[in-house]
Amino acid sequence: MRTVTQQQLRVLGVMVAIYSLMAAATYLLFPLDQLLPSQALSVPELTIPRWQLALANAGIGLVLYGLLGLAGFWLARRLGLPGVFRPAGGWREWGLFPMLWGLGLGVAVGLADLLVARLQNWPGFPQPAFPFSLVASATAAIGEEILFRSFVLGLWACLLHLVLRRWADRRVTLQIGNLLAALAFAAGHLASAMLLLGAASPAEIPTLILVEILLLNGAVGWVAGIQYVHQGLVAAVGLHFWTDVALHVVWPLVWS
């Protein structure tokens, strides 16, 4: 048991380290205008060297997601979840199936976004340029899954289990926790949507686009939560990564 725990913590540490390295590389390797979600936004003037900004970004990511990851791992053990990965699983459960699910979800979201864009008569949300889109997909997959699946889902499920354990079993509290985490994940995309649309509040976002943001991101978060509950954080990160690759890397090449 101790060996499995050590292996899981090592894998978690590697994931956090990869996130931090990519966060640093983002500011060192790519022009600042590529980091903005829209060309309509002005590039801020830096007052410190880029290497210092990269180092600070990497350090913040290392501490923040390291602590969230450890907290999520503890919550997973309290809930009897696989944690970082399910020891009885293999390369199919950890890599192949999340990849297939992710690519399928990415295509489905891309088609839905195309439909909404035509109904709303607007060009749709801008996509990051390649190869930054690949780095952004990886950092978002690791960081957001540690935050929303490992921590938020685990925290809600633990709290709900304490309150509802006389009336509902662990499966029910996990399903509710997954739903709440998926809603939080969807709501977390509203700020960038407001920035891109020049909206001062979510109420100013067109209704159809608002429904798209909440519904599609919520669906991706919910499926990622199922992967997390059954296979662990590695599978959830893989699903998220391949969804973003299909949507932000492959899709712009097909429809450009």
Kindly provide the set of residues from segment 90-108 that are at pLDDT 95 or above, surrounded by fewer than 16 Cβ atoms within 10 Å (Cβ to Cβ) and of a type in the set (Gly, Ala, Ser), ordered by number.
104
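Being in a loop (DSSP other than H, G, I, E, B) and either without any contact (Cβ under 8 Å) to a residue 40 or more places away in the chain or under 13 Å from the mean Cα position of the chain (by Cα) (or both) is the filter; apply it to segment 192-237 and report the residue that is farthest from residue 79 (Cα to Cα).
Looking at residues that are in a loop (DSSP other than H, G, I, E, B) and either without any contact (Cβ under 8 Å) to a residue 40 or more places away in the chain or under 13 Å from the mean Cα position of the chain (by Cα) (or both), I get 198.
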Residue among 82, 128 that is under 17 Å from the mean Cα position of the chain (by Cα) and not in a helix (DSSP H, G or I)
128
Does residue 73 meet the test of being at pLDDT 95 or above and in a loop (DSSP other than H, G, I, E, B)?
no
Across segment 109-121, what is the total count of residues that are free of Cβ contacts under 8 Å to residues at least 40 places away in the same chain and surrounded by 13 or more Cβ atoms within 10 Å (Cβ to Cβ)?
1
Close pairs from segment 132-143: first touching a residue at least 12 places away in the same chain (Cβ under 8 Å), partner assigned to a helix (DSSP H, G or I) and of a type in the set (S, T, N, Q), Cβ under 9 Å, at least 6 apart:
132/26; 132/34; 135/26; 136/26; 137/243; 139/26; 141/243
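The values are calculated or read from the model by the stated rules, or taken from the named source; none is laboratory data. Predicted model, so just to flag it, every value in this text is computed and none were measured. With ideal geometry, Cβ positions are generated from the backbone for all residues, glycine too; neighbour counts draw on all protein chains shown.
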